[in-house]
Amino acid sequence: MTQPNVNKKQNNNKVVNKSIHSNKGKFELKKKPTQQPNNDKINNIKTPMEIPKEIILQKESLPVFSAKDALLKNFKEHPTVIIISETGTGKTTQIPQYLYENGYKDKGIIAITQPRRVAAVSISKRVSQEMGYELGEEVGYCVRFDDKTNEKTKLKYMTDGMLVREAMLDSSLSKYSVIILDEAHERTLNTDVLFGLLKSIQKRREKKHPISGVYNPLKIIIMSATLDAELFSQYFNNAPVLYIEGRQFPVHIYYTEETQKDYVDAALITVLQIHIAHLTDKSIDKEEQEDGGDILVFLTGRDEIENLEKLLLDRIPRLPKGAKDLIVCPIFSALPQEQQMKVFEKAPKGSRKVILATNIAETSLTINGIRYVVDSGAVKSKIFNPKIGIDSLNIIPISKASAKQRTGRAGREFEGKCYRLYTQNTFEKLDSSSIPEIKRSNIANVILQLKTIGINDILGFDFLESPPVASVMKSLELLYCLEAISEDGSLTELGKKMALFPLDPMYSKTLIKSIEFECSEEVLIIISILSVESIFFTPKEKKKEVEDVKKIFFSPEGDHITFLNVFREFQKSKSQQQQWCFDHFINLKSMVKVVNVFEQLIKYCFSLKLPIVSCGSDFDRVKKSFIGGFFLNTAILQPDKKYKTMVDNKEIQIHPTSFLFEQKPQHILYNELTITTKAFARNIIPIEGSWLAEICPKYYGTRPQQQQKSTPNQTSIDSFTN
Ligand code: CDP
Ligand code: MG
């Protein structure tokens, strides 16, 4: 191939939007001539390990490879470049390596941000293999509570949130020569904040440092999987947009005839039908019959994935004769890393993988070998209610853009099929694209971080797209009630401390409150446990046994204290931790993570000279500390045994996994609200209603304890924005 396969587009040239709907058009695969590995180039790089030939061939067969020279030329000529291509082109794994090989690493670290920690970890692993380095040396990753980099690290895959945190410590991000904002189309809150921060940092670094005379410009690369790049380009002073042509085979789309009540059940039936179709359907072509092709199912979260996994494992032994083996591979963020890597392993001959994934497989991770996609049409999304100021996790319909991305996963290597578990009519009614997180999230954390960096005027900040004024106001109000900012909007001493912890403001406030209530040890442990998804695991046939064992730890004082009991017993088990976890249905890996987070939080406390004290068994102190942070997440028992939230009188229920499901205390405080068909509160502690005004006078001080609806201190709100 002589012509680099890249289209440069300056500003408003028309872009051809490629639909993957098989009925509307076919796309040709541009076959690339098999190329011999270019050993000259590879020999230039000093690598401690020999790179296997298959890896070199695989790298060179990716669509991005033929665009390499054109990309490098543009990087040289422009301070900011926007790259658009379909998922699986090789952007995330290859482009950082091109920069590394071409001198950019000598000017500083090359950072690649990812919205999800799973992607940062797994992709850095892959890239370190491709380059022949141990992970954590030349190539590393940095995610919350887990930093695998050292002083040699030059390619740093990190979550967007970690880079925002680094900007709080070094507002010029001076150690980075290039920052790649990957998966920009996802428009996560942190990536959106980085757009604004990087734009101003780049401007500052354009000039020589006034004192030292050092010239250290910052190169910004924006990578996205969708075509709406105009917004990015305009924001960065009409930066060039490069389109790398990907490969896309036709994908046939099937819809259900009727709306499905239960998409997990529908997914089960669909997966099994796909898996045994070749036994009855002779029209299935030979290639498809022989190589099978893997199945990728999109669900919304861990619960659904584990549920479908269980249903599939039940059915697999009863598959008809002649069916291949079916290997079930779940992938979600709380899954241990080795298991996450399993999705990338090729299924043994004569078997087929079915991958049960969250949205992570939509664009962040490219999994080879997929021929079938089963799309639930749903996604779990954090939604902020600016009226009352709290976030909830809601399961909502995906956008058309997401549906198309999901479909595209089936046509990367061969013709594929996508089974949408919803009707065509439903599809037509979907929103065309998802709403950016900044427009639907609580931005209290962002405000706290920006204020720490020295950016006080939040509404005046140069956002790619501004958050709604109502959200800014409500988030400022929350920070005021948390005592992180004062009436004039400036950070308080408490707020400065809160910002230093890698925690959401409600958690950091709880932690700081626990110093006052002399129970910081317990609160640190509980927060560490709440930072992992679950410490229990429930093998499918042992539900009853698990329930019995869990009772050992139960405390009527609430889920938090029950978790604390688990931690204390785990600590006592010392040399027999593995056996102890096995016997008590506790996930050892999660517990190891909890201990690690606990130790890191202790270090933060030490550096701030905050004392670590235990309250013994006086757990009211723990509860009061949590009220300090989570006073908005409270509810009162109703005569019908349901609960109503105190801030807006909405009906909620205790999630059945809570230890207080049966007990139903009068007042509860919860850490999380998940809204599916009903609103479920999780991680619950009973509280005394009278404590609210005592601990949160700013919110509950002068009014009755129930149904707080109006905002406190209205007169001071205006001054917050300055
Ligand atoms: O970023 P983009 O979607 O353009 O592609 P990528 O993530 O760089 O993926 C390029 C190739 O690397 C794909 O064929 C992936 O399947 C492969 N890959 C892999 O084999 N193992 C990983 N852990 C990550 C990527
Ligand atoms: Mg990518």
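The values are calculated or read from the model by the stated rules, or taken from the named source; none is laboratory data. As the structure is a prediction and not an experimental result, all values here were calculated from the model. In this analysis, Cβ positions are derived from the backbone assuming ideal geometry, glycine residues included, and neighbour counts consider all displayed protein chains. Accessible surface is based on the protein model in full, side chains and every heavy atom, while ligands, DNA and RNA are left aside. Shrake-Rupley method; radii C 1.70, N 1.55, O 1.52, S 1.80 Å.
Some observations on this one:
- Test: Gly103 is open to solvent by less than 40 Å² (accessible area, probe 1.4 Å) and more than 16 Å from ligand 2 (Cβ to nearest atom): yes
- Answer residue from region 127-138, given it is part of a helix (DSSP H, G or I) and under 26 Å from Leu198 (Cβ atoms) and is farthest from ligand 1 (Cβ to nearest atom) among those: Met131
- Qualifying residue in region 109-126 (condition: at positive phi, in contact with a helix residue (DSSP H, G or I) (Cβ under 8 Å, 6 or more places away or on another chain) and modelled with pLDDT of 95 or more): no
- Exactly one residue out of Ser528, Ser508, Ser534 is under 24 Å from Ala167 (Cα atoms) and touching a residue at least 12 places away in the same chain (Cβ under 8 Å): that is Ser508.
- Summed over region 94-121, residues that are within 15 Å of ligand 1 (Cβ to nearest atom) and not in a helix (DSSP H, G or I) total 6.
- Evaluated against (1) surrounded by fewer than 16 Cβ atoms within 10 Å (Cβ to Cβ); (2) aliphatic (A, V, I, L, M); (3) over 30 Å from Leu313 (Cα atoms), Ile526 falls short on exactly one condition, (1).
- Filter result for the condition that a residue is within 15 Å of ligand 1 (Cβ to nearest atom), more than 30 Å from Gly301 (Cα to Cα) and not acidic (Asp, Glu), over Ser85, Ser124, Ser66: Ser66
For (1) of a type in the set (Val, Ile, Thr); (2) crowded, with 18+ Cβ neighbours inside 10 Å, each residue gets a yes or a no:
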site	(1), (2)
Glu54	no, no
Glu77	no, no
Ile84	yes, yes
Gln97	no, yes
Val121	yes, yes
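- Any hit, region 50-62, residues being under 28 Å from Lys175 (Cα atoms), without any contact (Cβ under 8 Å) to a residue 40 or more places away in the chain and either away from ligand 1 (no atom under 15 Å from the Cβ) or part of a helix (DSSP H, G or I) (or both): no
- Only strands (runs of 3 or more DSSP E) whose full extent lies in region 617-696 are considered here, and the ones with at least 1 residues that are aliphatic (A, V, I, L, M) are 634-637, 651-654, 667-675, 679-687.
- Test: residue in region 437-459 that is charged (D, E, K, R), free of Cβ contacts under 8 Å to residues at least 24 places away in the same chain and closer than 27 Å to Val297 by Cα: no
- Single condition Asp182 does not satisfy, out of (1) free of Cβ contacts under 8 Å to residues at least 60 places away in the same chain; (2) crowded, with 23+ Cβ neighbours inside 10 Å: (1)
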